[in-house]
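The values are calculated or read from the model by the stated rules, or taken from the named source; none is laboratory data. Quantities reported herein were computed from a predicted structural model and do not represent experimental measurements. Methodologically, a virtual Cβ is constructed for each residue, glycine included, from the backbone with ideal geometry; neighbour enumeration extends over all protein chains shown.
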Amino acid sequence: MTTKPSKKVDLFIDNLSAPIKEIAIRLREIVFETSPDIQEKIKWGMPSYIENGMVCYIQTAKNHVNFGFYFGAILTDRDSLLEGTGKKMRHIKIKKIEDIQQDQYAALIQEAIELET
């Protein structure tokens, strides 16, 4: 089963301004490239990705995007990318599209999916 992008997320991203919009689009592409079966929904006012359970989210702010993981605290963060001190959630703060590290993000997404199976 291959998932199609959500029209609600399309609208969410269309209403963002540069450079936040470009960052969100690239993160979304990485999520779909990593797992063609992932489900995309708006949850808690932001794009969220689900496959066998909650995987990750894209939370936009005025000057950055948080690419978050619902159970990031238990992920193997080899490159020390994840920030946060909560019990479960962690995020990566992205201010410029050049800061995106596709391979590292894909590894985190894949691990988050595997945790849920």
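Annotations for the structure displayed:
- Of the residues screened, Ala112 is one that is small (Gly, Ala, Ser), in a helix (DSSP H, G or I) and crowded, with 18+ Cβ neighbours inside 10 Å.
- Of residues in segment 54-71 being touching a Gly at 6+ places or on another chain (Cβ under 7 Å) and of a type outside the set (Ser, Thr, Tyr), the one farthest from Glu116 (Cα to Cα): Gln59
- Boolean, Ala107 is more than 18 Å from Pro5 (Cβ to Cβ) and either surrounded by 16 or more Cβ atoms within 10 Å (Cβ to Cβ) or modelled with pLDDT under 95 (or both): yes
- Among the residues listed as Lys62, Lys95, Lys88, the single one being charged (D, E, K, R) and closer than 19 Å to Ile30 by Cα: Lys95
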